[in-house]
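Chemist: Could you have a look at this structure, given as structure tokens, before my questions?
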Amino acid sequence: MSELTADGAVDMIIRPNERDLGEFTVRRVLPAKARRMVGPFVFFDHMGPAEFPPGKGIAVRPHPHIGLATITYLFEGMIMHRDNLGFVQPIQAGAVNLMTAGRGIAHSERAGDDLDETSRLHGIQSWMALPRDEEEREPAFVHYPASDLPELEVAGCTVRIIMGECFGESSPVTTYSDTLYMECVIPAGREITIPGDSPELAAYIVSGAVSISGDDFGDGVMLVARQGRPLDIRAVEDSRVMIIGGEPLGERHVWWNFVSSSRERIEQAKDDWRDGRFDPVPGDDEFIPLPER
């Protein structure tokens, strides 16, 4: 659900749809009915927090993507990534797996080597649309360890720059268009100002509660800023806030795991997956069939 606000720094409030997957809850924030994208971000999922008993964990079978780049960013836990380029890479809290689908990639996401013990999982999965002239680029995968991401203190808050530039620091993670992605840990009573330099800007409250322009917001909402306006975020209680933004790329069509500026390209991707024209993922013989919808 989305709602416009009165005059102030916040233009729109997006309340996610929750999906209960049994031991696992996912909050789907983007795309929303009233707001499909923020900058290049076309998909934003909040996973967990979840606790799994021994022998249980995330088990996403091989599936395809086109026309996007994905980032998995964890606060807790581990996910094992495998793709049809041959990459096998565990991701842990604070690190980044950047997978660029381009003309097409298939991958799986499974529990890591913590499967035999009680484990926790909590994080964000996001997709970024690619510029039109990059939609058919060669697929790629790059892992960035947590130590590669800039971490700095701003006004008593801890900021990690996942993608893009802010506060005089820049992330080494590849971007294909103007993109900003940050994690801000804000102690109760502290306030941080996110500059309004990005053409589009939003804050998602992972945990805690914050005040912006005199209005209080709890966890699980995305607050889209008015164009050109900074966000002065004051923590009412200890809070974790994700910042996303960047250059709008124009309309994108999203169907299942496919993103494209062309409906015809999505139809082709459907046929390619249905007919087995994506290379398989080595070491993972299962797959998710094309949805019948």
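Where a number appears in this text, it was derived from the coordinates with a stated rule and is not lab data. Predicted model, so just to flag it, every value in this text is computed and none were measured. Cβ sites come from the backbone with ideal geometry, for glycine too, and all protein chains shown count toward neighbours.
Chemist: Could you work out how far apart the two model spin labels at residue 143 and residue 227 are, taking each label as a point 7 Å from the Cα in the direction of the beta carbon, and quote it in nm?
Modeler: 4.2
Chemist: Over what distance in Å are the Cα centres of segment 119-189 and segment 197-213 separated?
Modeler: Here the answer is 15 Å between Cα centres.
Chemist: I would also like to ask the following. Taking the Cα-to-Cβ direction at residue 165 and at residue 285 and moving 7 Å from each Cα, how far apart do the two end points lie in nm?
Modeler: In this crude label model, residue 165 to residue 285 measures out at 5.1 nm.
Chemist: Specify the angular offset, from 0 to 90 degrees and rounded to the nearest 10, of the alpha carbon long axis of helix 263-274 from the longest principal axis of the alpha carbons in the chain.
Modeler: Relative to the chain, helix 263-274 is tipped by roughly 50 degrees.
Chemist: Treat segment 170-209 as a sphere of radius equal to its Kirkwood radius over Cα pairs and apply Stokes-Einstein at 37 °C in a medium of 0.692 mPa s; give the translational diffusion coefficient in µm²/s, rounded to a whole number.
Modeler: 262
Chemist: Choose one answer from 96, 154, 206: the residue with the largest mean-square fluctuation in a GNM of the chain with alpha-carbon springs under 10 Å.
Modeler: 154
Chemist: Could I ask something else about it? At most 16 other Cβ atoms within 10 Å plus a DSSP loop assignment makes a site exposed; report the longest stretch of the chain without any exposed GluC sites (Glu not before Pro).
Modeler: Here the longest segment lacking exposed loop sites spans 137-250.
Chemist: Which of these, 204, 144, 73, has the largest mean-square fluctuation under a Gaussian network model of the chain (Cα springs below 10 Å)?
Modeler: 144
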